[in-house]
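Student: Structure in structure tokens, see below.
Every read-out reported here was derived from the displayed coordinates using simple, explicitly stated rules and does not represent laboratory data. Here the structure is a predicted model, which is why all the values come from computation and not from measurement. Virtual Cβ from ideal backbone geometry, glycine too; neighbours counted across all protein chains shown.
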Amino acid sequence: MKQKTKEIFMHPIKKEILSYIDQQKGAFYGDIVMNFRYPKYTVLKHIMELKEAGIVIKEGDGGKFNLVSAN
């Protein structure tokens, strides 16, 4: 596993976001923001980093964020 990916999985906010998306079987940005006590920008920053790392995907415009399958 790349060092950057390891760092991503170790970050507490990212871990919370990933866990929430997994538990919900996908989640909209607004639902993720409402579930956490962090500012919207903070949540967005972490979601975008997860997306750039290929860990989550967004399904269409305004779609749900989902975890990328390991298959």
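Student: Please arrange Leu50, Leu44 by counting, for each residue, the other beta carbons lying within 10 Å of its beta carbon, fewest first.
Tutor: Ranked by crowding around the Cβ, least crowded first: Leu44, Leu50.
Student: Let me ask something else about it. Among Glu16, Glu59, which comes first, then next, by fewest other beta-carbon atoms within 10 Å?
Tutor: Going from sparsest to densest Cβ surroundings: Glu59, Glu16.
Student: Within a Cβ distance under 14 Å of Gln23, other residues only, what is the Lys/Arg minus Asp/Glu net charge?
Tutor: Value of the local net charge: 0.
Student: Suppose a student asked you for the relative contact order of the chain, using Cα pairs under 8 Å spaced at least 6 residues apart; what percent would you report?
Tutor: Answer for the chain is 32 percent.
Student: Still on this model: Quick one: dipole size for the chain, taken about the Cα centre, charges +1 on Lys/Arg Cβ and -1 on Asp/Glu Cβ, in debye to the nearest 20.
Tutor: Using Cβ point charges on Lys, Arg, Asp and Glu, the chain gives about 180 debye.
Student: Starting from the amide H of Lys64, placed 1.01 Å from N in the peptide plane, find each other amide H under 5 Å away whose residue is 5 or more places distant or on another chain.
Tutor: Glu59
Student: If exposed means no more than 12 neighbouring beta carbons inside 10 Å and the site is in a DSSP loop, what's the longest run of the chain without any exposed trypsin sites (Lys or Arg not before Pro)?
Tutor: For trypsin sites (Lys or Arg not before Pro) (loop position, at most 12 other Cβ atoms within 10 Å), the longest site-free span of the chain is 38-71.
Student: Which entries of Lys4/Lys58; Lys4/Lys64; Lys15/Lys45; Lys25/Lys58; Lys6/Lys40; Lys14/Lys40 have Cα-Cα distances beyond 18 Å here?
Tutor: Going by Cα-Cα distance, Lys4/Lys58; Lys4/Lys64; Lys6/Lys40 fall outside the 18 Å limit.
Student: Report, by chain and number, residues whose modeled amide H sits under 5 Å from the one on Tyr38, excluding near sequence neighbours (fewer than 5 apart, same chain).
Tutor: Residues meeting the criterion, in which the H sits 1.01 Å from N, do not exist here.
Student: Return the Rg/Rh value of the chain, two decimal places, where both radii are evaluated on C-alpha atoms and Rh is the Kirkwood radius.
Tutor: 0.93
Student: Compute the FRET efficiency between Phe28 and Ala53 as 1/(1 + (r/R0)^6), taking r as their Cβ-Cβ distance and R0 = 22 Å, and round to the nearest 0.05.
Tutor: According to the calculation, E is roughly 0.65.
Student: Mind sorting His11, His46 by how few other Cβ atoms lie within 10 Å of their own Cβ, fewest first?
Tutor: The most exposed by this proxy come first: His11, His46.
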